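Can you keep this structure in mind? I'll have questions shortly.
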Amino acid sequence: MDNLRKSDEWLDRGGPDNNVVMSSRARYARNLPRIPFPMRARHEELKEVLDRVQRAIRNNPRFASPLSFSLTEIKSVERNYLKENHLISTEMEKGGENRMIILTDDIKLAVMINEEDHLRLFALDTGFQLCEVFNQAAALESELGRELGFAFSPKYGYLTACPTNTGTGLRASVMLHLPGLSYIKQISEIVKSMPQLGLTVRGFHGENSENQGDFFQISNEVTLGKSEEQIIDLLSRVIEQILDKEKQARRMLFEKNRAFIEDELWRAYGLLAHARLMTSHEALQLLSKLRLGIDRGYFGSFSHSDLNKLIIEVQPGHLQYSGGGTAKAEARDRLRADVLRKRLEIDVSRN
Amino acid sequence: MLGKHICMSCKQNPAAVKLTKLIKGSVEELWLCQECAAQQNPYQKKIGALSIEQVLATLLNQNKKEMAAKPRSVDIECSSCGLPFDSYRSTLLLGCSECYASFEKYLIADLRKFHGATTHCGRVPEGAPPVLEHNRNPREIRRRLREAVESEDFQRAARLRDELRQIELRAEGKES
Ligand SMILES: [Zn+2]
Ligand SMILES: [Zn+2]
């Protein structure tokens, strides 16, 4: 298996409450002192950062057999692939000089080098595991910090290229799947209440918050003036509340509107299993419904983890990569429909 | 950029009113739609019914880029990396860690807008002294908090409240 495909592996691990919480992550923004931030650094300075961070990672036992990608060297379709796996940012997807991502071989920890900051180190896992990923990221941060000595001010904390990250430099986030709340039209209420708590909501692909298949990413906005524990604690409590509400909404849907919701699920299945052309937007909408059905024991042996993988597998970059580089939208839509039909050839007679 | 304002509170409706207030010599602007202005005008005289939570919400809601890009041009550059301050204004990206010292005077207001706070109180590197230890007296902070609310300095109040909450959290941790 090639390295790029190996990076898919983190997507199908399962984990607590993974019927609602798809994944949890915690990332730290860190910089080396006395070297300009990447945007302003010269070629040799970027090289120096890359060398020093790589050396520190080589000395770290967590990275015994690392998986690394030089964004400078890999092709744009490969960068897109990593982006779709939620492993690199939009900024890193652009490529650029002396940029790299290094992952542990279990794809639970990673360091991006020379993104907006010298280092963006993060831990990620599937399901609701916010404390776990935070502890993992924090442990790696202190190990690398001991070796590299990050830029720090007693007043402003860890110094970052953008002052919106200053202080702890910590961004914790979870990807939620909320079809239940979406059906009973309570999403906008939740989205609206987030800023008051110092939290931000984004859509599936991160940047814009447009509703994409009822997937929402929630993260802390404030990084200065709050401790790491406060940040994680607040986000955890909010997620727990949303989790309860979502479970309640699903129960209500299947108890009180069974015929309606079953019809929705099977229509989604019908389209996915038989369509000949499928855009990525439509696929995400339909797969979201399938995922809701799986939670209630529909669609045979199909699991949440299988679905997580399928969602990523039909993204444009993944199709382009596996389909031998076809970039035309219509050809891709046909390929997507083919992949979906093949994956959904399951025994559904018992439902 | 100054043309059309979106309500800073609900981030949906166009802003209908601009609330301005003089806080310790600097002017703060708040753009709100009619609804939100009626709901949570932090500058009405009677603040009894208004929780600090609500005021804090308004502060946190402010559109960052827009707030940071106030058209006040400042003709200075970082003594270390040479980044002109106006370049930061347009990209929101600083040039190096020394920029924080070079632009300190102007950055403080941005930090307050982004975070509702200006002082770090999280973890520190190994070997560094813990932060904020000098003013960790809850009674003193509570006194200052009341003072800030009475003088309607809500930004300072929010900051103090956070600080107080953190000390309380820490105290709870010790008890259990
Ligand atoms: Zn409004
Ligand atoms: Zn500088």
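Which of the peptides A:186-192, A:32-38 is most tightly packed, and how do the rest follow, going by the mean number of other Cβ atoms within 10 Å of each residue?
A:32-38, A:186-192
Please work out whether region A:1-92 counts as rounded, prolate or oblate from its C-alpha gyration tensor, where a ≥ b ≥ c are the square roots of the eigenvalues and a/c under 1.5 means rounded, while otherwise a/b larger than b/c means prolate and anything else oblate?
Here region A:1-92 falls in the prolate category.
For region A:3-249, what is the percent of antiparallel DSSP beta bridges, rounded to the nearest 5?
For region A:3-249, the DSSP antiparallel bridge percentage is about 100.
Also: Mean-square fluctuation check for chain A, GNM, Cα pairs under 10 Å: which of A:Asp295, A:Asp117, A:Asp214 is largest?
In this elastic network of chain A, the residue with the biggest mean-square fluctuation among A:Asp295, A:Asp117, A:Asp214 is A:Asp295.
Oh, and also: Using the Kirkwood formula on the Cα atoms of chain A, what hydrodynamic radius do you get, in angstrom to one decimal?
21.2 Å
Okay, next question. Per-residue HN-Hα couplings for region A:16-22, Karplus 6.51 cos²θ - 1.76 cosθ + 1.60 at θ = phi - 60°, whole Hz, x for Gly and Pro?
x, 6, 6, 6, 10, 8, 6
Divide the volume of the convex hull of the Cα atoms of region B:73-115 by its number of residues and quote the answer in cubic angstrom per residue.
Taking only Cα atoms, region B:73-115 has a hull volume of 69 Å³ per residue.
What do you get for GluC sites (Glu not before Pro) in region A:26-106 restricted to DSSP loop and a cutoff of at most 10 other Cβ within 10 Å of the site's Cβ?
Here the GluC sites (Glu not before Pro) that fit, given the DSSP loop and packing criteria, are A:Glu73.
Considering chain A as a Gaussian network with a 10 Å cut-off on Cα pairs, which listed residue, A:Val238, A:Val53, A:Val111, attains the greatest mean-square fluctuation?
Its mean-square fluctuation being the largest, the pick is A:Val238.
For peptide A:148-159, how many partner chain Cβ atoms fall within 10 Å of a residue's Cβ, on average?
Counting other chains' Cβ atoms within 10 Å and averaging over A:148-159 gives 6.
Another question, then. Let a ≥ b ≥ c be the square roots of the eigenvalues of the Cα gyration tensor of region A:1-157; is it rounded (a/c under 1.5), or, if not, prolate (a/b larger than b/c) or oblate?
Oblate, since a/c reaches 1.5 and b/c is not below a/b.
Next up: Give the separation of the Cα centroids, region A:112-135 to region A:83-101, in Å.
Between the Cα centre of region A:112-135 and that of region A:83-101, the gap is 14 Å.
Suppose the chain between A:Asn135 and A:Val77 were pulled fully straight at 0.36 nm per residue; how much longer would it get relative to their current alpha carbon spacing?
17.6 nm
Report the Cα-based extents of region A:124-231 along its three principal axes, largest first, to the nearest Å.
50, 26, 22
Continuing with this model, one more query. Considering only protein heavy atoms and a 1.4 Å probe, what is the carbon-and-sulfur percentage of the accessible area of region B:73-115?
46 percent
Restrict the search to region A:220-278; then list the trypsin sites (Lys or Arg not before Pro) that DSSP places in a loop and that have at most 11 other Cβ atoms within 10 Å of their Cβ.
For trypsin sites (Lys or Arg not before Pro) across region A:220-278 that sit outside H, G, I, E and B with at most 11 neighbouring Cβ atoms in 10 Å, the list reads A:Arg276.
Which shape class, rounded, prolate or oblate, goes with region A:68-112 when its Cα gyration tensor gives a ≥ b ≥ c as root eigenvalues, a/c under 1.5 marks rounded, and past that a/b bigger than b/c marks prolate?
Cα axes put region A:68-112 in the prolate bin.
Then there's this: To the nearest Å, what is the center-to-center distance of region A:145-169 and region A:236-308, using C-alpha atoms only?
Computed from Cα coordinates, the inter-centre distance equals 42 Å.
Principal axes first, then extents: for the Cα atoms of region A:257-326, list largest minus smallest coordinate on each axis, whole Å, largest first.
44, 23, 16
Ok, one more. What Kirkwood hydrodynamic radius, in Å, does region A:228-351 give when the mean of 1/r is taken over all pairs of distinct Cα atoms and then inverted?
Over region A:228-351, the inverse of the mean reciprocal pair distance is 16.2 Å.
Additional query: Please compute, for peptide B:110-119, the average count of beta-carbon atoms on other protein chains lying within 10 Å of each residue's beta-carbon.
6
Across 10 Å bins from the origin, how do the percents of Cα pairs in region A:66-140 run, short distances first?
20, 52, 24, 3
List the GluC sites (Glu not before Pro) within region A:104-175 that fall in a DSSP loop (any state other than H, G, I, E or B) and whose Cβ has at most 13 other Cβ atoms within 10 Å.
Answer by residue number: there is no such site.
The values are calculated or read from the model by the stated rules, or taken from the named source; none is laboratory data. Keep in mind that what you see is a predicted model, and the values were worked out from it rather than measured. All Cβ positions, even for glycine, are placed from backbone atoms using ideal geometry, and neighbour counts span all protein chains on display. These area figures cover heavy atoms from the full protein model, side chains too; ligands, DNA and RNA do not enter into them. Shrake-Rupley method; radii C 1.70, N 1.55, O 1.52, S 1.80 Å.
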